[in-house]
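Have a look at the structure below, then the notes.
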Amino acid sequence: MALTFKALSGLGPKQPATFLVEAEGRRIIFDLGEEKATGRRADLSNVGKVDAVVISHGHFDHIGALDSLETLGNPALYASGSVLARIDRPANAWELPAQGETEIAGLRAKTGRNGHAIGGVWTFLDVAGGFIYMGDHTDESNVFAFDPPPEAATIVLDASYGDADEPRSAQIGDVLQLTASGRVLIPVPPDGRGIEMALIADEAGRKIAIDENVRTYLRRIAGTDRAFAAPGVAERAGRLAESADDAADPGAKADVFLAADADGDFGVSGEIIDRQMRDLSVVFTGHLHKSTRGYKMVQEGNAVFRRYNVHPTLPQNVRLARAVNASTVVPAFADPAHLSAFETAFAPARVDLSGAFAIG
């Protein structure tokens, strides 16, 4: 049976995610995101009514435009219980399992944990030889479990890092080396990288301080959201949530401060930067938009940038595409300048960055 795909937003570097799939008479949107720094989101004015919206995880570039549901005819909303718990849940919301078989708008589907964040899932639709939407994902996480998806003819995967091939293991060593040479603030998103880096620093013997956002998500991965944790993580996270110092305390004597927001614009990380502590260096580890404080600090030499993978490298994506036996690969969130590298790496699969295509 035929499937049509349209990228309403999400093809291009770090664009907010919104993709439309039509199959077997159903119209399904995957993610409704907004770019926090600019307010950029997909234009939904001509999309019309859809049957369902499926959310991959709870980060703003994937849920920031949920206030647009009425524009789409108030469709059923599907997301994991962890994501539904952190939004204004509509009456017609349906909980996706962390892993298992389910139905979406009457279509047979499967979900599995995507390794990226609390509540993060990939979604498989049993249409047109199989369709997989990965959202953001990685199989490198030291915290979040990753479930291999089933075979599918088409996969939309997370190509945020383009053709980068550096494994996380090398990056962890560099970040820990930076924390060994003096006190360090690492601004983080609390529900993903924040949990991961807290556990890494703790395991390395660093004395850490966390803000209440990171502490909240450590408790969640130890408790209500432990279904998304890799083996052994919940217990360690629970202990650390109770023992770590308070990053908001000006008198905290920690080696490593982990606090939101990830750009240093506001929150406890912004407050710590405002104090201009001479014995504290600042290390940013994730994407920084040009409008953010973090970007300006790095450009001016007042902070260091060292990437820490929370998205897959190109070798990871190639392994994934081959494991599911995909014949069509859509590298989402990627710079089109990498198209040639993608075509070579994913061959013999067809790589599509056109933004719209039909299969079957």
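The values are calculated or read from the model by the stated rules, or taken from the named source; none is laboratory data. Since the structure is predicted, the reported quantities are computational estimates derived from the model, not experimental observations. No Cβ is skipped: glycine too gets one built from the backbone with ideal geometry, and neighbour counts run over all protein chains shown. To get the accessible areas, we keep the full protein, side chains included, count just its heavy atoms, and leave off ligands, DNA and RNA. Shrake-Rupley method; radii C 1.70, N 1.55, O 1.52, S 1.80 Å.
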Cβ pairs under 6 Å, 6+ apart or interchain, first in segment 229-246 and farther than 25 Å from Thr138 by Cβ, second surrounded by fewer than 20 Cβ atoms within 10 Å (Cβ to Cβ), ordered by first then second residue, are Asp245/Ala252
Residue match in segment 221-236 (condition: within 18 Å of Arg306 (Cβ to Cβ) and touching an Asp or Glu at 6+ places or on another chain (Cβ under 9 Å)): no
Is it the case that segment 39-47 has a residue that's buried (at least 16 other Cβ atoms within 10 Å of the Cβ), in contact with a Lys or Arg (Cβ under 7 Å, 6 or more places away or on another chain), part of a strand (DSSP E or B) and modelled with pLDDT of 95 or more? no
Every listed condition ((1) open to solvent by 50 Å² or more (accessible area, probe 1.4 Å); (2) closer than 21 Å to Ile118 by Cα) holds for Phe228 save (1)
Considering residues that are among the acidic types (Asp, Glu) and surrounded by 21 or more Cβ atoms within 10 Å (Cβ to Cβ), the number found within segment 25-38 is 2
Of all residues in segment 314-338 being surrounded by fewer than 14 Cβ atoms within 10 Å (Cβ to Cβ) and either of a type in the set (A, V, I, L, M) or at pLDDT below 95 (or both), which is farthest from Phe19 (Cα to Cα)? Ala323
Subset tally (residues that are open to solvent by 10 Å² or more (accessible area, probe 1.4 Å) and either touching a Pro at 6+ places or on another chain (Cβ under 9 Å) or under 30 Å from Met197 (Cα atoms) (or both)) for segment 90-115: 9
Going by the structure shown, is Gly192 open to solvent by less than 30 Å² (accessible area, probe 1.4 Å), on the phi > 0 side of the Ramachandran plot and either of a type in the set (Ser, Thr, Tyr) or in contact with a His (Cβ under 7 Å, 6 or more places away or on another chain) (or both)? no
What's the number of the only condition in (1) closer than 21 Å to Asp61 by Cβ; (2) in contact with a Leu (Cβ under 8 Å, 6 or more places away or on another chain); (3) open to solvent by 60 Å² or more (accessible area, probe 1.4 Å) that Arg307 fails to meet? (2)
Assess whether Gly120 counts as being within 19 Å of Leu77 (Cα to Cα), of a type in the set (Gly, Ala, Ser) and open to solvent by less than 40 Å² (accessible area, probe 1.4 Å). yes
Looking at Asp163, Asp191, which one is assigned to a loop (DSSP other than H, G, I, E, B), among the charged types (D, E, K, R) and modelled with pLDDT of 95 or more? Asp163
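Per-residue answers, yes or no, for (1) under 30 Å from Asp147 (Cβ atoms); (2) open to solvent by less than 30 Å² (accessible area, probe 1.4 Å); (3) in a helix (DSSP H, G or I); (4) at pLDDT below 95:
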residue: Arg215; (1), (2), (3), (4): yes, yes, yes, no
residue: Arg220; (1), (2), (3), (4): yes, no, yes, no
residue: Arg236; (1), (2), (3), (4): yes, no, yes, no
residue: Phe257; (1), (2), (3), (4): no, yes, no, no
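Here's the yes/no breakdown for (1) part of a loop (DSSP other than H, G, I, E, B); (2) polar (S, T, N, Q); (3) open to solvent by less than 20 Å² (accessible area, probe 1.4 Å); (4) out of contact with any Lys or Arg (no Cβ under 8 Å at 6 or more places or on another chain):
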position	(1), (2), (3), (4)
Pro13	yes, no, no, yes
Leu20	no, no, yes, no
Val50	yes, no, yes, no
Asp61	no, no, no, no
For segment 275-360, which fully contained helices (runs of 4 or more DSSP H) count at least 2 residues that are free of Cβ contacts under 8 Å to residues at least 60 places away in the same chain and within 25 Å of Asp31 (Cβ to Cβ)? 314-323, 339-346
So, in segment 63-101, exactly how many residues are under 23 Å from Pro149 (Cβ atoms), part of a strand (DSSP E or B) and without any contact (Cβ under 8 Å) to a residue 24 or more places away in the chain? 4
When Glu166 is evaluated against the numbered criteria (1) closer than 30 Å to Ala321 by Cβ; (2) open to solvent by less than 10 Å² (accessible area, probe 1.4 Å); (3) of a type in the set (Asp, Glu), which criterion, by number, is the only one it fails? (2)
Return yes when Arg113 is within 17 Å of the chain's Cα centre (by Cα), within 22 Å of Asp191 (Cα to Cα), part of a strand (DSSP E or B) and basic (Lys, Arg) and no when it is not. yes
